[in-house]
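*Asks:* Before I ask anything, here is the structure I am working with.
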Amino acid sequence: MEWLRNLSLRKAYLLFTVSCFLVAFLLTWGTTKVCVSLRESLAPSGVEIVYDESGKGTIVSREIPTEEAWNAARGVESLQYILTVVYFGGAFLLSGTLFYRLKLKHPIQKLQAGAQRIMEQDLDFVLEAEGKDELESLCAAFEKMRGQLQRNHQELWRQGEERRRLNAVFSHDLRNPVTVLKGSIRVMEKVLQGDRLERAALEDHLARMSHYTERIASYIETMSQVQKLEDTPLSPVEITFGELGKEMQEEGELLLWETACPLSFQFFGSEHAVVWVDRAVVSTILENCLTNASRYAKQTIQVTVSVQGERLTLSVQEDGPGFSPNMLRNGTEPFVRGEKTAPEHFGMGLYVCRLLSEKHGGGIALENTETGGRVSVWMKSGKP
């Protein structure tokens with residue numbers, strides 16, 4: 001039945017119709033032969049020629065049928081016409097029934113069941129296309145739509161979980177600045193109520209309030225930037241690997257221009273290979289990786305960029321002490337800072353790299369090598 005499933009709807013309908021009407025024609029032909037013979041036996045008509053031994057023929061009139069015989073013959077003739085109508089009408093109904101049951105019923109039921117499950121927000125199923133006709137092609141398109149909806153649903157769920165986790169960490173980190181500000185405000189209230197306070201202590205409280213106010217503002221700005229990164233859609237463009245590598249090298253050298261740490265680049269892949277990437281995403285990832293590496297590097301930072309198939313990989317190796325066990329486990333989580341991270345930094349750089357790489361269909365990995373720590377980021381670079 002595989003060949004039947006692969007027939008187009010038009011060809012299948014034509015096949016069923018022709019087959020059923022051919023059977024109806026054969027039945028009609030057979031019925032006509034039987035009915036004519038039966039009529040002749042019931043009410044013979046015309047004349048009969050009888051031949052003798054010499055070959056001479058003599059015309060002999062047949063016996064005239066009775067009224068009852070004529071009625072029986074007419075009944076057989078009427079039955080012949082009725083059966084002809086029944087055969088062709090049945091052929092029409094049978095062809096439609098076969099077409100529905102063998103070509104329409106199962107795909108329609110699959111589509112109906114799939115639409116019902118999607119309406120109930122259940123996307124955890126697979127709608128398999130079992131043939132190559134128009135309805136099975138529709139089932140295949142429906143399955144692609146379901147898969148995309150499921151991926152979108154999972155992405156929304158992941159973003160929601162990520163934002164809830166960010167908000168929880170954000171709230172936790174804000175408790176200390178808020179507590180300090182509350183304490184300083186209470187001190188200021190006492191001063192206004194008449195309590196005496198040395199000028200140096202007062203200036204210290206004001207400086208602390210200013211510092212933590214700026215820190216809260218920086219927190220809010222950081223969260224706003226992360227929110228923009230999550231909400232901004234990707235804009236991949238076509239560029240050769242050689243052009244992309246040149247841009248990355250120029251940008252990296254500008255970023256570390258003020259540092260005394262030498263920076264070197266290595267590229268693996270054809271300069272003429274075409275990649276599709278969001279250049280702003282690549283730039284942001286490179287900036288965050290280099291900024292992180294510059295805090296730990298002793299003498300050199302090595303950047304390796306490679307393209308293989310539809311995958312672009314960026315690795316940043318520094319010759320520092322390497323990542324701590326906590327950084328190896330949680331370094332790509334939000335607000336996780338290394339030992340040498342300055343207080344004004346919130347530990348969001350590697351998290352941003354992870355967020356952008358996953359958005360670009362890739363990921364990030366932290367590891368220690370014999371010469372120091374290495375951050376590797378990869379992303380899809382094929383045509384979207």
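*Asks:* State which residue pairs qualify: first residue in contact (Cβ under 8 Å) with a residue 12 or more places away in the chain and inside the stretch 78-94, second residue among the aromatic types (Phe, Trp, Tyr) in any location, beta carbons under 6 Å apart, and separation of 6 or more residues or different chains.
*Replies:* Listed pairs, sorted by first residue: ALA91/PHE21.
To keep it simple, each residue is scored yes or no on (1) within 30 Å of GLN225 (Cβ to Cβ); (2) under 16 Å from the mean Cα position of the chain (by Cα); (3) at pLDDT below 85.
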| position | (1), (2), (3) |
| --- | --- |
| GLU68 | no, no, yes |
| ILE82 | no, no, no |
| LEU94 | no, no, no |
| THR97 | no, no, no |
| GLN112 | no, no, no |
| GLY131 | no, no, yes |
| CYS139 | no, yes, no |
| GLY147 | no, yes, no |
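*Asks:* Read through the list (1) of a type in the set (Asp, Glu); (2) modelled with pLDDT under 90; (3) surrounded by 15 or more Cβ atoms within 10 Å (Cβ to Cβ), then give the number of the only condition that GLU258 fails.
*Replies:* Every listed condition holds for GLU258 apart from (3).
*Asks:* Just for the stretch 308-327: of the residues that are under 11 Å from TRP378 (Cα atoms) and surrounded by 14 or more Cβ atoms within 10 Å (Cβ to Cβ), which one is nearest to the chain's Cα centre (by Cα)?
*Replies:* Initially, the stretch 308-327 is screened for residues under 11 Å from TRP378 (Cα atoms), giving 308, 310-315.
Narrowing further to those that are surrounded by 14 or more Cβ atoms within 10 Å (Cβ to Cβ): 311-315.
Values: ARG311: 19, LEU312: 21, THR313: 23, LEU314: 26, SER315: 28 Å.
Looking at the filtered set, the residue picked out is ARG311.
*Asks:* All but one of (1) in the same structural domain as PHE25 (by TED's automatic domain parsing); (2) surrounded by 13 or more Cβ atoms within 10 Å (Cβ to Cβ) hold for ILE82; state the number of the condition that does not hold.
*Replies:* Exception for ILE82: condition (2).
*Asks:* Is it the case that some residue within the stretch 35-55 is at pLDDT 80 or above and buried (at least 16 other Cβ atoms within 10 Å of the Cβ)? Write out each step before concluding.
*Replies:* Kept after step one, since they are at pLDDT 80 or above, are these residues of the stretch 35-55: 35-38.
Keeping just the survivors that are buried (at least 16 other Cβ atoms within 10 Å of the Cβ) gives 35, 38.
Yes: the stretch 35-55 contains one or more residues that are at pLDDT 80 or above and buried (at least 16 other Cβ atoms within 10 Å of the Cβ).
The values are calculated or read from the model by the stated rules, or taken from the named source; none is laboratory data. Since the structure is predicted, the reported quantities are computational estimates derived from the model, not experimental observations. Using ideal geometry, Cβ is built from the backbone for each residue, glycine included, and neighbour counts are taken over all protein chains shown.
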